[in-house]
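Here's a structure for you.
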Amino acid sequence: MPGALPEGESVPVDGSLPPAALRAVGARGFGVYVHVPFCASRCGYCDFNTYTAAELGGGASRETYAETVLAELALAARVLGDTPPPRVDTVFVGGGTPTLLPADDLARILDGIDRTWGLAADAEVTTEANPESVTPESLKTLRAAGYTRISLGMQSAAPGVLAVLDRKHSAGRATAAASEARNAGFDHVNLDLIYGTPGERAEDFAASLAQVVAAGVDHVSAYALIVEEGTRLAARMRRGELAYPSDDVAADRYLAAEAALDAAGFSWYEVSNWARSEAARCRHNLLYWTGGDWWGLGPGAHSHVGGVRWWNVKHPTAYAGRLAAGRSPGLAREVLTPDEAHMEDVMLRLRLAAGLPLDALDEVGRAGARRALADGLLTADGYAEGRAVLTLRGRLLADAVVRDLLP
């Protein structure tokens, strides 16, 4: 994606946006992302902007975090000023482990968003959670506060795989938490899986899929393990302690996921996401994938408003310090060129089951689409209707198809 993090133009001290961006805000929907950077421990594969208590070094506090986020929300309200977005369609609280914050703090943040811009009557409000970080009581508090959806990091049902990933919950805790969330009244419950971990057997992944289906959730996300530089997992692989992931194994796991989830009544709507119904699809992620606007609150959070994208300083101490000084926490920003916006549109929308309109492609892209169709990577029905829609084989080769559709 364009605009590597160290680059981009500086963000004005007051966070102000160009008039053209303000005029366009909310044209394709508007959401709010809240980043909670705290974790009880660091998983070996994780390179997200997260911090354990030891890594924070006393410079930032969970106890004051909600207040700091609300300070950025007040700044956001000043930036949008007299041209506020339509009511907020979606809110997504991610991390980190958002549910390390007290449920009452998560409720305060959501209330602040509602007071600032107003939540749509049918707003989707999601929080991520680690299975061990929620209780029936905390889930009931979140549901009463207006959270409608929860995404639980299960990763695997195999104890050995969880150990390699440095996950702290037991093999059965994720599905138990999913049941507790349903009992608390959450409209939608997601379980996340990771496949292709070194040492994972086909039967391990099959058991994980079986537990997900039996849990009665209405949404599943499944991602191939990516080994990120700088993580403990990458270091172990460099030392030869663990084998590197296999592309062939990852493809087999994906096909197993599609077969098991399809048989259980799930349908894919994005390459790595399946839902039991259209209502169960994650609307916040669809906002990202279809070019909507969102304001990202929190250290390292990204935002996109009217074709302007910016990202906040990463460390919670620096983030809090800027807001305390009355400054925007934005580190840098970029205004997408038409070519960059087109590239992202192709990259993201092609991954959707709805596909990409062929008339969104130039002649080079349309020629690539014809080749992909001939190679069995695009569906004939979708093509006949004027859309580039990936086949199952096309989903396995989605990145290659994207490259063929771009100049």
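The values are calculated or read from the model by the stated rules, or taken from the named source; none is laboratory data. Model, not experiment: these values are computed from the prediction. Note: ideal-geometry Cβ built from the backbone for every residue, glycine included; neighbour counts use all protein chains shown. Keep in mind that these areas ignore ligands, DNA and RNA; they rest on the heavy atoms of the full protein, side chains included. Shrake-Rupley method; radii C 1.70, N 1.55, O 1.52, S 1.80 Å.
Among (1) farther than 25 Å from ASN49 by Cα; (2) part of a loop (DSSP other than H, G, I, E, B), there is one condition ARG143 misses while meeting the rest; what is its number?
Of the numbered conditions (1) farther than 25 Å from ASN49 by Cα; (2) part of a loop (DSSP other than H, G, I, E, B), the odd one out for ARG143 is (2).
What are the pairs, 6+ residues apart or on separate chains, where a residue within the range 276-289 that is more than 19 Å from LEU152 (Cα to Cα) has its Cβ under 8 Å from a residue that is in a helix (DSSP H, G or I)?
TYR288/LEU348; TRP289/LEU348; TRP289/ARG349
From the residues in the range 72-112 that are of a type in the set (Asp, Glu) and buried (at least 22 other Cβ atoms within 10 Å of the Cβ), which one is nearest to PHE38 (Cα to Cα)? It would help to see each step written out before you state the result.
Narrowing the range 72-112 to residues of a type in the set (Asp, Glu): 72, 82, 89, 104-105, 111.
Narrowing further to those that are buried (at least 22 other Cβ atoms within 10 Å of the Cβ): 72, 89.
Working: GLU72: 18, ASP89: 26 Å.
Residue satisfying both the conditions and the ranking: GLU72.
Looking at ALA318, ALA325, ALA332, can you tell me which residue is surrounded by fewer than 20 Cβ atoms within 10 Å (Cβ to Cβ), more than 20 Å from ARG28 (Cα to Cα) and without any contact (Cβ under 8 Å) to a residue 12 or more places away in the chain? If you could, list the steps in order and put the result at the bottom.
Details: ALA318 fails: without any contact (Cβ under 8 Å) to a residue 12 or more places away in the chain; ALA332 fails: without any contact (Cβ under 8 Å) to a residue 12 or more places away in the chain.
Going through ALA318, ALA325, ALA332 in turn, just one is surrounded by fewer than 20 Cβ atoms within 10 Å (Cβ to Cβ), more than 20 Å from ARG28 (Cα to Cα) and without any contact (Cβ under 8 Å) to a residue 12 or more places away in the chain: ALA325.
Select from the range 353-375 the residues that are outside any helix (DSSP H, G or I), under 18 Å from THR290 (Cβ atoms) and not aliphatic (A, V, I, L, M) and list them in ascending order. Give the derivation first.
As a first pass, look at the range 353-375 and keep what is outside any helix (DSSP H, G or I): 353-357, 361-362, 375.
This time we only want the ones that are under 18 Å from THR290 (Cβ atoms), so: 353-357, 361.
Answer for the range 353-375, where residues must be outside any helix (DSSP H, G or I), under 18 Å from THR290 (Cβ atoms) and not aliphatic (A, V, I, L, M): GLY355, PRO357.
Is there any pair linking a residue in the range 382-395 that is farther than 16 Å from SER267 by Cα and modelled with pLDDT of 95 or more to one that is assigned to a helix (DSSP H, G or I) and open to solvent by 30 Å² or more (accessible area, probe 1.4 Å), with Cβ under 8 Å and at least six apart or on different chains, and which?
TYR383/LEU373; GLY386/ASP359
Okay, next question. Hey, does the range 252-261 have a residue that's of a type outside the set (S, T, N, Q), over 18 Å from ALA163 (Cα atoms), assigned to a strand (DSSP E or B) and open to solvent by less than 10 Å² (accessible area, probe 1.4 Å)? Let's see the steps before the verdict.
Kept after step one, since they are of a type outside the set (S, T, N, Q), are these residues of the range 252-261: 252-261.
Cutting the leftovers down to over 18 Å from ALA163 (Cα atoms) gives us 252-261.
Those left that are additionally assigned to a strand (DSSP E or B): none.
No - not one qualifying residue is present in the range 252-261.
Any residue that is of a type in the set (Val, Ile, Thr) and more than 26 Å from ARG28 (Cα to Cα) - is there at least one of those in the range 241-261? Step through it out loud before you land on a result.
Keep residues of the range 241-261 that are of a type in the set (Val, Ile, Thr), which gives 249.
Now restrict to residues that are more than 26 Å from ARG28 (Cα to Cα): 249.
Checked the range 241-261: at least one residue is of a type in the set (Val, Ile, Thr) and more than 26 Å from ARG28 (Cα to Cα).
In addition: So SER303 passes all but one of these: (1) more than 21 Å from the chain's Cα centre (by Cα); (2) hydroxyl-bearing (Ser, Thr, Tyr); (3) assigned to a strand (DSSP E or B). Which condition number does it fail?
(1)
Which one is surrounded by the fewest Cβ atoms within 10 Å (Cβ to Cβ), of the residues in the range 335-350 that are under 18 Å from VAL364 (Cα atoms) and not hydrophobic (A, V, I, L, M, F, W, C)?
Across the range 335-350, the extreme among qualifying residues is PRO338.
Can you say whether PRO85 is more than 24 Å from ALA144 (Cα to Cα) and either in contact with a helix residue (DSSP H, G or I) (Cβ under 8 Å, 6 or more places away or on another chain) or modelled with pLDDT of 95 or more (or both), as far as the supplied structure shows? Explain how you work it out, then say what you get.
Values: more than 24 Å from ALA144 (Cα to Cα): yes; either in contact with a helix residue (DSSP H, G or I) (Cβ under 8 Å, 6 or more places away or on another chain) or modelled with pLDDT of 95 or more (or both): yes.
Yes; evaluated as a whole, the condition is true for this residue.
Taking into account only those residues within the range 206-225 that are part of a helix (DSSP H, G or I), open to solvent by 20 Å² or more (accessible area, probe 1.4 Å) and of a type in the set (A, V, I, L, M, F, W, C), which is nearest to GLY196 (Cα to Cα)? It would help to see each step written out before you state the result.
Here is the first cut: in the range 206-225, the residues part of a helix (DSSP H, G or I) are 206-214.
Subset that is open to solvent by 20 Å² or more (accessible area, probe 1.4 Å): 206-207, 210-211, 213-214.
When the remaining residues are screened for being of a type in the set (A, V, I, L, M, F, W, C), the result is 206-207, 210, 213-214.
Working: ALA206: 12, ALA207: 14, ALA210: 17, VAL213: 19, ALA214: 22 Å.
Selected residue: ALA206.
Give the residues of the range 30-64 that are outside any loop (DSSP other than H, G, I, E, B) and either at pLDDT 95 or above or open to solvent by 40 Å² or more (accessible area, probe 1.4 Å) (or both), sorted by residue number.
Taking the range 30-64 as the starting set, the residues that turn out to be outside any loop (DSSP other than H, G, I, E, B) are 30-36, 38, 51, 53-56.
Those that are outside any loop (DSSP other than H, G, I, E, B) and either at pLDDT 95 or above or open to solvent by 40 Å² or more (accessible area, probe 1.4 Å) (or both): PHE30, GLY31, VAL32, TYR33, VAL34, HIS35, VAL36, ALA53, ALA54, GLU55.
Is it the case that the range 188-201 has a residue that's assigned to a loop (DSSP other than H, G, I, E, B), on the phi < 0 side of the Ramachandran plot, in contact (Cβ under 8 Å) with a residue 60 or more places away in the chain and open to solvent by 40 Å² or more (accessible area, probe 1.4 Å)?
No, the range 188-201 contains no residue that is assigned to a loop (DSSP other than H, G, I, E, B), on the phi < 0 side of the Ramachandran plot, in contact (Cβ under 8 Å) with a residue 60 or more places away in the chain and open to solvent by 40 Å² or more (accessible area, probe 1.4 Å).
Would you check which residues across the range 262-281 are in a helix (DSSP H, G or I), among the acidic types (Asp, Glu) and either farther than 21 Å from ALA123 by Cβ or open to solvent by less than 60 Å² (accessible area, probe 1.4 Å) (or both) and list them? Steps first, answer last, please.
At the first step, the residues of the range 262-281 found to be in a helix (DSSP H, G or I) are 262-263, 278-280.
Adding the requirement that they be among the acidic types (Asp, Glu) leaves 262, 278.
Hit for the range 262-281 is ASP262, nothing else.
Quick one: LEU139 ticks every box in (1) closer than 20 Å to GLY29 by Cβ; (2) open to solvent by less than 20 Å² (accessible area, probe 1.4 Å) bar one, so which box is it?
(1)
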